[in-house]
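Here's the structure we're looking at; comments come further down.
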């Protein structure tokens with residue numbers, strides 16, 4: 001059966017027509033140059049930048065993964081969403097360095113600060129990370145949404161999961177390939193508002209069905225409303241508990257996120273993601289100057305506070321509706337006979353709310369919001385990936401390539417990423433826990449990148465050899481943990497021999513292992529740098545705080561405004577207020 005009626009389909013068709021029209025219009029404004037294709041000609045205003053950053057960030061991991069975590073862990077993962085303060089670090093600290101260097105990509109900045117080899121290694125790590133996280137997660141989530149909304153659709157032997165994933169990636173790939181960053185940004189502005197409106201409707205109708213905010217707190221209890229979890233988390237082996245259900249083995253989620261990991265590890269991931277990841281920073285690189293880039297970052301920071309209420313709270317509402325039996329359909333899909341929430345089913349809580357709580361006519365708007373989140377996230381990663389490949393690999397291989405050729409290669413690279421994404425679907429389909437999967441991957445890959453960027457701009461003595469050693473060491477440590485974890489996550493009942501080396505590695509909580517990688521990277525970076533020749537400070541002028549000229553400092557301060565300072569302070573106050581409210 002289909003849960004979407006005629007008016008819902010009409011709204012979805014209008015949405016696609018609107019996106020297609022905006023993408024086509026944006027191509028008429030572009031010039032056929034690499035700067036326009038990859039950075040929208042560096043003409044993006046603060047509103048476009050902020051909305052685009054938010055739309056790129058709010059993707060499938062929020063609709064499916066974050067809402068699912070709300071149903072299983074309450075507000076525990078809101079820490080990641082409250083890292084809106086990292087956008088202030090981007091706008092006030094990192095943007096001046098990026099804008100001054102006039103780079104296209106983050107690896108290119110690393111080359112100017114350290115060495116060409118560092119640029120190549122970071123590009124490789126970034127592309128691998130995009131495949132393992134953003135593309136894989138986007139496709140999986142798209143399939144989950146279509147499987148819930150259109151369960152009986154089949155075509156050429158494929159079910160709705162595969163049809164939805166393939167359709168989503170093809171549609172997104174087409175307008176990204178044709179329009180470049182300009183098409184991505186303009187469509188993302190529209191998608192931002194559709195996502196916000198759609199998610200607000202879920203929250204409103206969900207609370208109405210439940211009986212209000214007070215009822216939600218009563219049913220979920222103080223533990224689900226507490227951001228600060230106990231110091232010692234459940235080990236990996238006890239996180240996934242097998243329970244017999246109707247003659248088959250089901251897996252239930254029983255995890256928590258300790259305050260120590262959230263306090264120290266989560267900010268490392270946040271600063272890497274918001275301040276050094278091509279996927280996000282590419283938006284501010286498209287600004288005409290540091291002032292517009294900073295304003296856009298601050299605006300995005302305020303928007304970033306919304307997911308706590310747009311996705312986590314709806315997930316908790318879904319749990320409450322299932323636990324109490326107020327909505328029998330949701331209870332049937334999420335709970336077992338003993339009243340335990342089934343972890344795999346929790347990933348479907350957001351689309352389940354769409355079909356079971358929303359009235360006809362509203363569903364179409366919210367489904368358009370779902371599609372907006374899925375498409376905007378994929379569009380962003382396609383554009384970022386093509387930029388990395390074209391500017392950091394192809395342009396170095398063929399330095400005399402024309403602007404037309406670079407744009408063509410960028411489009412071909414996007415097509416290749418689309419194909420890789422389609423081939424990756426079976427791999428991510430075997431995982432257990434979308435948001436946990438994502439945070440785990442990022443926790444293992446982020447530390448070395450965070451270390452080389454932030455320590456690199458604060459300590460001028462750190463050199464290219466130290467940077468290269470740090471990136472390689474951290475990357476190997478992260479891949480090793482992924483290799484150890486994969487059999488446990490993909491194979492029910494698989495475990496290493498208790499007390500063995502691999503068992504110990506597998507049972508170190510992922511955030512604590514991430515902190516270990518960070519500490520090792522810092523030691524390696526400093527030790528190798530000081531054991532080798534100091535960099536030529538003249539060549540890195542303006543790329544570290546210690547090598548800024550008086551002119552650089554004056555130009556940077558000239559972009560500051562009282563309004564920006566006031567809004568930055570208000571953002572910090574808003575974050576603190578949310579932390580104080582969600583303390584159990």
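Quick note: the coordinates plus some simple rules give every number you see, no bench work behind them. Note that this is a predicted model, so its numbers are computed, not measured. With ideal geometry, Cβ positions are generated from the backbone for all residues, glycine too; neighbour counts draw on all protein chains shown.
Structure data summary
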| read-out | value |
| --- | --- |
| Ratio Rg/Rh [Cα only; Rh per Kirkwood] for segment 505-550 | 1.23 |
| Two-site label geometry, residue 324 and residue 531: point separation in nm, points 7 Å out along Cα→Cβ | 6.2 nm |
| Distance in nm between pseudo-label sites at residue 523 and residue 561 (7 Å out along the Cβ direction from Cα) | 4.7 nm |
| Approximate spin-label separation residue 170-residue 498, in nm, with each point projected 7 Å along Cα-to-Cβ | 5.2 nm |
| Sequence ranges 537-545, 462-470, ranked by mean other-Cβ count within 10 angstrom, highest first | 462-470, 537-545 |
| Volume of the Cα convex hull of segment 265-314, divided per residue and given in Å³ | 85 Å³ |
| Difference of contour (0.36 nm per residue) and Cα-Cα distance, residue 512 to residue 10 | 175.8 nm |
| For segment 480-568, alpha-carbon Rg and Dmax in angstrom | 23.0, 62 |
| Packing rank of 312-322, 566-576, 125-135, where each peptide gets the mean count of other beta carbons within 10 Å, highest leading | 312-322, 125-135, 566-576 |
| Computed over segment 253-366, the ratio Rg/Rh where both radii use C-alpha atoms and Rh is Kirkwood | 1.11 |
| Near-label residues of segment 541-566 by backbone N, under 18 Å of a point 7 Å along Cα→Cβ of residue 458 | 543-548 |
| Burial ranking of peptide ranges 471-484, 281-294 (average Cβ count within 10 Å, highest at the top) | 281-294, 471-484 |
